[in-house]
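One structure is given here, and the rest of the page talks about it.
The values are calculated or read from the model by the stated rules, or taken from the named source; none is laboratory data. Since the model is a prediction, treat every value here as computed from it, not as a measurement. Cβ atoms come from the backbone with ideal geometry, glycine included; neighbour counts cover every protein chain shown.
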């Protein structure tokens, strides 16, 4: 007798060993049809897995996150099956699940084309329609190596040969295609209906540039036709919003091969940068931060003391002078501790809040660089709070409130809160980690924020809250963070004099609101599709003349608005007014002012808001008040 306990606590008895699929069928025909796999005693297994002893069981369907991963993993195998059916000489390597999809790497004599991808996708659909069962078998390692060598699959043989000799390996077969995989998989190819191949790119075998360049085919797979369509629509919208494309079109910035991973800001882009930085500088001033500035290059010895040299050495740019080794700073925290240590600090000085627009450099791999979202040189709105243990909770609560206001000003109301807890490789005692994690959780509870835990994702020196933004098309961006650190001040011997007259170690809170200014500006450009709200727009108003007769009036209007603090340009070109309006509309300028003889005679202006909205003729003073209110409210036109 085998007793199965289901997630609702109910129990079912079976006279003999039973498969996951059999249990699903005994519950109902609908569940039997939907079952993709099972979780037996918490472990994900194939639907064909035989349960021979009492166990807990959850049936996994496409509605579950595990089920969606199974669909994507199995679709990667279906891709390899189709490639081998069409291009017999291609060799298969690896094909994992990634966010929203999968990829598979192939070795083939020529580059795959988009026409090839269409052909492969068609064959995948045909194979899925055949609804072939996906069957598992196990072989000793050496037998599996010999088997794949006999098929000419030398990459697979190499992968298996790296497995310890005394281990068995599992293979999965569908039709006449068999692949190495630990599984599990969906029961048959008929469960794989909603997929699309997206692109092909290069990838080195095992990620080593000394090895052969393989071809990586990317795809996406979903549980339903509607989910796939929604994802493809989101990708189409994301492509329109791509900050790299908009950066060129709006003349904000560019990336150049002469300085890979670094940003060349154009006048309009730098204006946007300055607006963001000056706003954050005001946030510093209004919330008790003292702005500081640390050096770019610091002796290697400091990074060794903090532990960064061991943890981040491969991502640090290093240099040498007079036989001393230095590193370009990848973060600002050690420099702030050195500033804190200058002079005697008392408990009355705490909490002491330092803020810096600190430029950092990290030697990111070239393949990971992405526009201004992931760069090698970036500036953080970095801050560090030196406080007592008793002050941690209040500082974290105040910080979350501040961050929420800043994000709301930038148009983000949907924030996801996550607490990243202690990693396996860390410094400090468990007691200190317990205190730090408890303080972060209590601070979010006090702020009325629901949160989730991400185990093991904290920094090596402390846990953190991660604040993630959800944008207009549903994408998530992790921006802000606050970290509780009991250890860095100890490593660099920072102290304050307590009320008892003794010396104590301050607790250090690492915090950033927007994080990398480069990345945050990229997010803002994509969030607004380049139509930045008036308070952020590099050019807020363009004044246009209809004929040369109004040129001087245009200059007077522009000067008046500029003197009131608005960012204004003029367009006095000898072009048709419709052409000029269209051109500046394409530049997503919030307001266009058109003046002809009638407006000039009455001292008025004709106003068009972004999106083609005609606001009519109004006095210049009335327009000034309108745009002033628009900027003050930080609203979008």
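Before moving on, here are some points about what is shown:
- Pair list, Cβ < 6 Å and 6+ apart or interchain, from segment 550-564 residues that are over 17 Å from residue 627 (Cβ atoms) to residues that are assigned to a helix (DSSP H, G or I): 550/600; 553/600
- Test: residue 349 is under 20 Å from residue 287 (Cα atoms), out of contact with any helix residue (DSSP H, G or I) (no Cβ under 8 Å at 6 or more places or on another chain), surrounded by fewer than 20 Cβ atoms within 10 Å (Cβ to Cβ) and at pLDDT 95 or above: yes
- Matching option when the condition is buried (at least 16 other Cβ atoms within 10 Å of the Cβ), closer than 29 Å to residue 44 by Cα and touching a residue at least 60 places away in the same chain (Cβ under 8 Å), among 112, 102: 102
- Number of the exception - residue 381 against (1) touching a residue at least 60 places away in the same chain (Cβ under 8 Å); (2) surrounded by 16 or more Cβ atoms within 10 Å (Cβ to Cβ); (3) assigned to a helix (DSSP H, G or I): (3)
- Taking (1) surrounded by 15 or more Cβ atoms within 10 Å (Cβ to Cβ); (2) closer than 20 Å to residue 525 by Cβ; (3) in contact with a strand residue (DSSP E or B) (Cβ under 8 Å, 6 or more places away or on another chain) in turn, residue 264 satisfies each apart from (1).
- Residue match in segment 496-510 (condition: assigned to a strand (DSSP E or B), surrounded by fewer than 17 Cβ atoms within 10 Å (Cβ to Cβ), at negative phi and without any contact (Cβ under 8 Å) to a residue 60 or more places away in the chain): yes
- Flag for residue 311 being loosely packed, with under 13 Cβ neighbours inside 10 Å, over 19 Å from residue 373 (Cβ atoms) and within 23 Å of the chain's Cα centre (by Cα): no
- Out of 616, 596, 603, sole residue that is without any contact (Cβ under 8 Å) to a residue 60 or more places away in the chain, surrounded by 14 or more Cβ atoms within 10 Å (Cβ to Cβ) and in contact with a strand residue (DSSP E or B) (Cβ under 8 Å, 6 or more places away or on another chain): 596
- If the condition is being in contact (Cβ under 8 Å) with a residue 40 or more places away in the chain and outside any helix (DSSP H, G or I), then segment 290-327 contributes 290, 291, 292, 293, 294, 295, 296, 307, 316, 317.
- Residue identified as surrounded by fewer than 19 Cβ atoms within 10 Å (Cβ to Cβ), within 44 Å of the chain's Cα centre (by Cα) and closer than 19 Å to residue 616 by Cβ among 570, 578, 560: 578
- Scanning segment 151-202 for residues that are over 30 Å from residue 129 (Cβ atoms), in contact with a strand residue (DSSP E or B) (Cβ under 8 Å, 6 or more places away or on another chain) and either surrounded by fewer than 19 Cβ atoms within 10 Å (Cβ to Cβ) or at pLDDT 95 or above (or both) returns 154, 159, 163, 168, 202.
- The criterion of at least 3 residues that are modelled with pLDDT of 95 or more is met, among helices (runs of 4 or more DSSP H) falling completely within segment 22-138, by 65-86, 114-129.
- Among the residues making up segment 511-522, those that are in contact with a helix residue (DSSP H, G or I) (Cβ under 8 Å, 6 or more places away or on another chain) and either within 18 Å of residue 266 (Cα to Cα) or in a helix (DSSP H, G or I) (or both) are 517, 520, 521, 522.
- Qualifying position, being under 24 Å from residue 382 (Cβ atoms), part of a loop (DSSP other than H, G, I, E, B) and either without any contact (Cβ under 8 Å) to a residue 60 or more places away in the chain or within 21 Å of the chain's Cα centre (by Cα) (or both), among 437, 457, 450: 457
- Looking only at segment 1-21, and only at residues there that are part of a strand (DSSP E or B) and over 41 Å from the mean Cα position of the chain (by Cα), the one that is surrounded by the most Cβ atoms within 10 Å (Cβ to Cβ): 18
- Breaking point among (1) within 26 Å of the chain's Cα centre (by Cα); (2) at pLDDT 95 or above, for residue 540: (1)
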